[in-house]
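Below is one structure, written out as structure tokens, with a few remarks after it.
Coordinate-derived values only; no laboratory data. The shown structure was predicted, so the numbers you read here are calculated from the model rather than taken from an experiment.
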Amino acid sequence: MAINTARRKFIAVLGGMAVAWPLAARAQQPNRMRRIGVLMNLAADDPKGRARLALFVQGLQEAGRADGRDVEIDTRWAAGDAGQFPKYAAELIALKPDVILANTTPAVRACAAPAMKRASPRQSPKIQVLKFTTGMAYGSG
């Protein structure tokens, strides 16, 4: 009986390896160009918006990534017009980014609903949507 249990464990381990191997092989593919969508509430010529985007790009560079080499950044500027969010969100989602960064809650909402579409409820969202903010949250009330 102990041999039968050991055999079952061995078969279970082999089965697990057979399932995990293709996943590990996909994870070890050579670096591919990652695409990042950015939806800003500011105008393209706004100094604060440009500074925030520059800091993000600088952070990527510090992490060993470079815009145009490892990542491609697609930015949409709503210029304070929240009515533009759905349009720009649709444009970014059509580009099939790996992630979308949005700097306001309405921008996140505009991106989240279409980005969450999936083939089945068991699948993870197709595109992750992240909200980023600047400043000190504890000082803003």
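Subtracting the Cα-Cα distance of residue 132 and residue 54 from 0.36 nm times their residue separation leaves 26.7 nm of extension gain. Checking the Cα-Cα distances for 48/126; 48/87; 87/131 against a 21 Å cut-off, the pairs over it are 48/126; 48/87. Extension gain, residue 99 to residue 113: 0.36 nm times the residue separation minus the Cα-Cα distance gives 3.7 nm. Close amide H pairs (under 5 Å, H built 1.01 Å from N) link residue 37 with 74, 98, 99, 100, 101, residues at least 5 positions away or on another chain.
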